[in-house]
Amino acid sequence: MARVAAIIGGGVIGGGWAARFLLNGWDVRVFDPDPEAERKISEVLANARVSMPGLSDTALPAEGALTFHDTIAQTVEGAEWIQESVPERLDMKLKVYAEIQAHCAEDAIIGSSTSGFKPSELQEGATRPGQIAVTHPFNPVYLLPLIELVPTDANSADMIARAKDVISDIGMFPLHVRKEIDAHIADRFLEAVWREALWLVKDGVATTEEIDEAIRMGFGIRWAQMGLFDTYRVAGGEAGMKHFMAQFGPALKWPWTKLMDVPEFNDELVDLIAGQSDEQSGHMTIREMERIRDNNLVSMMRALKAQNFGAGAVMNRHDVKLALDAGMARRAADIADPSKPIVTVSRAVPIDWLDYNGHMTESRYLHAFADASDRLMEIIGCDQDYIATGGSFFTAETHIRHIDETHLGSRIEVRTRVLMAEGKKMHLWHEMYAGDKLLATGEHILIHVSLETRRPAPFSPEIAANLAMISEAQSGLPAPEGAGRYVGQPR
Ligand SMILES: NC(=O)c1ccc[n+]([C@@H]2O[C@H](COP(=O)([O-])OP(=O)(O)OC[C@H]3O[C@@H](n4cnc5c(N)ncnc54)[C@H](O)[C@@H]3O)[C@@H](O)[C@H]2O)c1
């Protein structure tokens, strides 16, 4: 049975949470008194369905069921996680918790999306304060992994551990904030940057567009991968952080920042900023800007996955979990039925796999087949540990036939057969499908090598035994159509 999340308040943030849970296989129940809530959530979901599956190199589970309810009581009944994302008003939030706690399970977790309130403020007067904590997300919730998890002493270690598990389970990164403070950690930075930007525009130093360029052409990219302190550590050169502090510390006393003041918030300032923003980006709709944002975020996080760093490392860990949950074989002993082709890739087509024709580009067919061969290698025992001992496979020959096209977000599966495995040579046959539709075939000859001599070398006994088991079990399958075909050969 699917796990159940209740979403109380389905605006920008609640809609993002709904998408995050649904696309990770949870059933989602929503309560929002706004008659437009269903339409608004379906728009957020449409964006999430296009972008989020491409973050993973493994298929997401089947979507959960989304339902809308008329009362908080119906919504929270039996829910394991309850996410409150109502407007940022303390009196309203406290009223909502009283209603939630009157009807929810005692061990359910109630997370608040609040950007500013401390968890102790949210727990005040609650029936069971230990059930409530801040779980502060970032927009778009379906793509950005950070959750600031802010508990108090009223929350048990067990509750905090369970909250972290759920957050990780839906592909996010729980940052345990050790001491509560207004606006937690990240929004305090954003507030500081925001104040400084308002001054710069008000004083005519820069336009809204110039400020955005100053961020996105430079330090914004740096921050996204390494953050603040590691970036400055590197900037300190070989002498590191101490040198950096000595060099730039005195600047703190210079009249650089206006962080302690706030520019007078009047109509003039609002018109100035809003007018410049219209000039900068008024030619695009918000939905168009969301798509640009989402495509950029997915592409950047995918680049970080290749480095296994920062947000990319979090995504890679989630991929491993998704593959395990989907029951994909990682070892020969895990193969449910070795007489059938083995599923070696199951994933969605991500944004960076498309070309100017709007479909998956040809090099990514090889990418998917190479991933399939890597997975097969792992299954037969040629994993990272084995490779570290000096044995591996090199690809000697590849033949790909492109049979049908596939598009952004399409779910593809590669099924692999071992056609021959003898001595030092392995002959693989991959078929790529979208549902029942054959998209491509890939035929690979791989040679087992010694990484020391870089020359062919016999399989290890374990690899030989696993390959023999699979090729023997699959020997009853009919010869694949097209195997051994050469380029240009008439059909
Ligand atoms: N917008 C952001 O970037 C952002 C980021 C992180 C956290 N947050 C926090 O998330 C929360 C929600 O912000 P938002 O931007 O989604 O606001 P929003 O105005 O887009 O959404 C709030 C939703 O709550 C609904 N609502 C009002 N009263 C309700 C009630 N009694 N019960 C259930 N639903 C009710 C409204 O109809 C609306 O759909 C706030 O606490 C905010 O601080 C916002």
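The values are calculated or read from the model by the stated rules, or taken from the named source; none is laboratory data. In this text, all values refer to a predicted model and were calculated from it rather than measured experimentally. Ideal geometry is used to build each Cβ from the backbone, glycine not excepted, and the neighbour counts take in all protein chains shown. Ligands, DNA and RNA are stripped out before the accessible areas are found, and what is left, the full protein with its side chains, is counted by its heavy atoms. Shrake-Rupley method; radii C 1.70, N 1.55, O 1.52, S 1.80 Å.
Please find, among Ala329, Ala368, the residue that is modelled with pLDDT under 95 and open to solvent by less than 20 Å² (accessible area, probe 1.4 Å).
Ala329
Which residues, counting only those in the stretch 390-425, are within 14 Å of Arg375 (Cα to Cα) and open to solvent by less than 40 Å² (accessible area, probe 1.4 Å)?
Those that are within 14 Å of Arg375 (Cα to Cα) and open to solvent by less than 40 Å² (accessible area, probe 1.4 Å): Ser392, Phe393, Val414, Thr416, Arg417, Val418.
Can you confirm whether Met172 is over 30 Å from the mean Cα position of the chain (by Cα), closer than 27 Å to Ala48 by Cβ and at pLDDT 95 or above?
Values: over 30 Å from the mean Cα position of the chain (by Cα): no; closer than 27 Å to Ala48 by Cβ: yes; at pLDDT 95 or above: yes.
Against the criterion (over 30 Å from the mean Cα position of the chain (by Cα), closer than 27 Å to Ala48 by Cβ and at pLDDT 95 or above), Met172 does not qualify.
So which residues in the stretch 112-124 are more than 23 Å from the chain's Cα centre (by Cα) and within 14 Å of the ligand (Cβ to nearest atom), if there are any at all?
Result: Gly116, Phe117, Lys118, Pro119, Glu121, Leu122.
Given the options Ile109, Ile100, name the one that is within 12 Å of the ligand (Cβ to nearest atom) and either of a type in the set (S, T, N, Q) or on the phi < 0 side of the Ramachandran plot (or both).
Selected residue: Ile100, the only one of Ile109, Ile100 that is within 12 Å of the ligand (Cβ to nearest atom) and either of a type in the set (S, T, N, Q) or on the phi < 0 side of the Ramachandran plot (or both).
Just to be sure, is Val177 open to solvent by less than 80 Å² (accessible area, probe 1.4 Å), modelled with pLDDT of 95 or more and not aromatic (Phe, Trp, Tyr)?
Taking the combined requirement at face value, the residue satisfies it.
Do we have any residue at all in the stretch 149-161 that's within 16 Å of the ligand (Cβ to nearest atom) and touching a residue at least 12 places away in the same chain (Cβ under 8 Å)?
Looking for residues that are within 16 Å of the ligand (Cβ to nearest atom) and touching a residue at least 12 places away in the same chain (Cβ under 8 Å), one finds at least one in the stretch 149-161, hence yes.
(1) without any contact (Cβ under 8 Å) to a residue 40 or more places away in the chain; (2) within 26 Å of Glu63 (Cα to Cα); (3) not aromatic (Phe, Trp, Tyr); (4) not in a loop (DSSP other than H, G, I, E, B): which one isn't true of Gly327, the others all being true?
Against the list (1) without any contact (Cβ under 8 Å) to a residue 40 or more places away in the chain; (2) within 26 Å of Glu63 (Cα to Cα); (3) not aromatic (Phe, Trp, Tyr); (4) not in a loop (DSSP other than H, G, I, E, B), Gly327 comes up short only on (4).
Looking at Thr114, Thr75, can you tell me which residue is touching a residue at least 60 places away in the same chain (Cβ under 8 Å) and buried (at least 19 other Cβ atoms within 10 Å of the Cβ)? Talk me through it step by step, then tell me what you get.
Numbers: Thr114 fails: touching a residue at least 60 places away in the same chain (Cβ under 8 Å).
The match here is Thr75.
Would you pick out the residues in the stretch 444-491 that are among the β-branched types (Val, Ile, Thr), touching a residue at least 12 places away in the same chain (Cβ under 8 Å) and open to solvent by 30 Å² or more (accessible area, probe 1.4 Å)?
Ile445, Ile447, Val487
Within the stretch 61-97, how many residues turn out to be more than 11 Å from the ligand (Cβ to nearest atom) and either part of a loop (DSSP other than H, G, I, E, B) or under 30 Å from Gly409 (Cα atoms) (or both)?
So the answer is 15.
Within the stretch 4-41, restricting attention to residues that are among the aliphatic types (A, V, I, L, M) and more than 12 Å from the ligand (Cβ to nearest atom), which residue is most open to solvent (accessible area, probe 1.4 Å)? Before you say what the answer is, go through the steps one by one.
Taking the stretch 4-41 as the starting set, the residues that turn out to be among the aliphatic types (A, V, I, L, M) are 4-8, 12-13, 18-19, 22-23, 28, 30, 37, 41.
Filter again for more than 12 Å from the ligand (Cβ to nearest atom), leaving 4-5, 19, 22-23, 28.
Values: Val4: 23, Ala5: 0, Ala19: 0, Leu22: 2, Leu23: 8, Val28: 1 Å².
Here the answer is Val4.
Would you mind stating whether Thr58 is polar (S, T, N, Q) and in a loop (DSSP other than H, G, I, E, B)?
Working: polar (S, T, N, Q): yes; in a loop (DSSP other than H, G, I, E, B): yes.
Taking the combined requirement at face value, the residue satisfies it.
Before we move on, is Ser471 closer than 30 Å to Pro350 by Cα, touching a strand residue (DSSP E or B) at 6+ places or on another chain (Cβ under 6 Å) and assigned to a helix (DSSP H, G or I)? Give the derivation first.
On the way: closer than 30 Å to Pro350 by Cα: no; touching a strand residue (DSSP E or B) at 6+ places or on another chain (Cβ under 6 Å): yes; assigned to a helix (DSSP H, G or I): yes.
It is false that Ser471 is closer than 30 Å to Pro350 by Cα, touching a strand residue (DSSP E or B) at 6+ places or on another chain (Cβ under 6 Å) and assigned to a helix (DSSP H, G or I).
Name every residue in the stretch 418-434 that is in a loop (DSSP other than H, G, I, E, B) and modelled with pLDDT under 95, in order of residue number.
The one that is in a loop (DSSP other than H, G, I, E, B) and modelled with pLDDT under 95: Gly423.
Which is open to solvent by 20 Å² or more (accessible area, probe 1.4 Å), in a helix (DSSP H, G or I), of a type in the set (A, V, I, L, M) and away from the ligand (no atom under 16 Å from the Cβ), of Val44, Val50?
On inspection, the qualifying residue turns out to be Val50.
From (1) within 15 Å of the ligand (Cβ to nearest atom); (2) open to solvent by less than 50 Å² (accessible area, probe 1.4 Å); (3) of a type in the set (Val, Ile, Thr), pick out the condition that doesn't hold for Thr58.
Only one criterion in (1) within 15 Å of the ligand (Cβ to nearest atom); (2) open to solvent by less than 50 Å² (accessible area, probe 1.4 Å); (3) of a type in the set (Val, Ile, Thr) is unmet by Thr58, namely (1).
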